[in-house]
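The values are calculated or read from the model by the stated rules, or taken from the named source; none is laboratory data. Please read these numbers as outputs of a predicted model, since none were measured by experiment. Don't worry about glycine lacking a Cβ; one is built from the backbone with ideal geometry, like all the others, and counts go over all protein chains shown. SASA here: full protein model, heavy atoms, side chains in, ligands and nucleic acids out. Shrake-Rupley method; radii C 1.70, N 1.55, O 1.52, S 1.80 Å.
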Amino acid sequence: MDGFDLIIFDCDGVLVDSEIIAAEVESRLLTEAGYPIGVEEMGERFAGMTWHNILLTIEREASIPLSASLLDKSEKLLDERLAAEVQVIDGVKLMLSRIRKPYCICSNSSLHRLDMMLSKVGLKEVFAPHIYSAKDLGPDRVKPKPDIFLHGAKQFDADPANTLVIEDSVHGIAGARAAGMRVVGFTGASHTYPSHADRLTEAGAETVISRMSELPGVIAALAEWQEAI
């Protein structure tokens with residue numbers, strides 16, 4: 001065995017610092033709709049979930065009917081802010097230059113949004129054409145379901161058991177683990193919170209990093225450990 005077959009990256013909160021922007025937009029819309037929630041709580045509870053599933057979860061928990069117009073309103077506001085403000089996570093480009101294995105993106109974001117964000121921060125050409133959206137598979141196949149991770153692995157004929165996923169959310173880690181993949185958690189984006197690393201570990205991450213500069217060494221160490229067992 002020669003290391004991993006494939007490295008899969010989530011996008012939001014792993015490659016681009018977008019989760020904090022989403023949390024700001026969505027917390028404001030929910031508060032205005034009668035469900036007061038702060039930015040940090042948005043990140044802690046809902047990072048990695050689609051806006052549609054966030055609304056369904058809140059409706060079930062709080063018995064608050066949320067207007068369907070919130071779906072379109074959030075998409076418009078968030079796209080505007082991301083186009084103007086989103087930045088690459090510090091250290092991502094250097095880290096990618098040091099990885100010698102195939103890699104791709106598997107995200108819950110739409111391809112339209114992925115294209116916009118990755119183009120803005122100069123990462124689209126690094127990953128294209130291996131940029132995959134769970135929404136293309138169907139609305140009921142997004143993370144925490146494993147479908148998008150299995151889809152990504154299939155494009156490379158990669159063994160899921162020999163695939164490593166980099167994720168910042170509990171929901172994403174749940175999906176990766178359900179796909180039979182190994183996971184490294186990441187807490188270096190702006191939406192991180194005090195218990196973030198602990199929650200990622202509890203969800204199934206083998207280790208958690210807060211700087212992308214650490215990742216190549218971690219990948220090598222995990223691959224070495226796998227070869228030894």
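Checked across segment 125-132, the condition of being under 15 Å from the mean Cα position of the chain (by Cα) and not in a helix (DSSP H, G or I) holds for at least one residue.
So that you can scan it fast, the table gives a plain yes or no per residue for (1) at pLDDT 95 or above; (2) of a type in the set (Gly, Ala, Ser):
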| position | (1), (2) |
| --- | --- |
| Tyr132 | yes, no |
| Lys135 | no, no |
| Asp140 | no, no |
| Lys154 | yes, no |
| Asp159 | yes, no |
| Gly185 | yes, yes |
| Glu214 | yes, no |
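Apart from one condition, Asp72 fits all of (1) open to solvent by less than 60 Å² (accessible area, probe 1.4 Å); (2) farther than 28 Å from Arg177 by Cβ; (3) at pLDDT below 95; the exception is (1). Of all residues in segment 11-27, those that are touching a residue at least 40 places away in the same chain (Cβ under 8 Å) and in a loop (DSSP other than H, G, I, E, B) have Cβ atoms under 8 Å from Cβ atoms of residues that are of a type in the set (Ser, Thr, Tyr) and surrounded by fewer than 23 Cβ atoms within 10 Å (Cβ to Cβ), 6 or more apart or on another chain, in Asp17/Ser190. Whether a residue is part of a loop (DSSP other than H, G, I, E, B) and closer than 15 Å to Glu167 by Cβ was assessed, and Gly48 passes this test. Report whether or not Ile64 is over 16 Å from Cys11 (Cβ atoms), touching a residue at least 24 places away in the same chain (Cβ under 8 Å), part of a loop (DSSP other than H, G, I, E, B) and open to solvent by less than 80 Å² (accessible area, probe 1.4 Å). Answer is yes for this residue. Just so you know, in segment 183-227 the residues that are among the aromatic types (Phe, Trp, Tyr) and touching a residue at least 40 places away in the same chain (Cβ under 8 Å) include one that is nearest to Ile7 (Cα to Cα), and it is Phe186. For segment 1-60, the set of residues classified as within 23 Å of Glu85 (Cβ to Cβ) and of a type in the set (Asp, Glu) consists of Asp10, Asp12, Asp17, Glu19, Glu24, Glu26, Glu32, Glu40, Glu41, Glu44, listed by residue number. Applying the condition of being among the aliphatic types (A, V, I, L, M) and modelled with pLDDT of 95 or more to segment 142-152 and asking which residue is farthest from the chain's Cα centre (by Cα) yields Leu150.
Looking at segment 191-200, can you tell me whether even one residue there is β-branched (Val, Ile, Thr), out of contact with any strand residue (DSSP E or B) (no Cβ under 8 Å at 6 or more places or on another chain) and part of a loop (DSSP other than H, G, I, E, B)? Yes, there is a match, as at least one residue in segment 191-200 is β-branched (Val, Ile, Thr), out of contact with any strand residue (DSSP E or B) (no Cβ under 8 Å at 6 or more places or on another chain) and part of a loop (DSSP other than H, G, I, E, B). Scan segment 75-94 for residues that are open to solvent by 60 Å² or more (accessible area, probe 1.4 Å), within 14 Å of Ser119 (Cα to Cα) and not polar (S, T, N, Q) and the total you get is 3.
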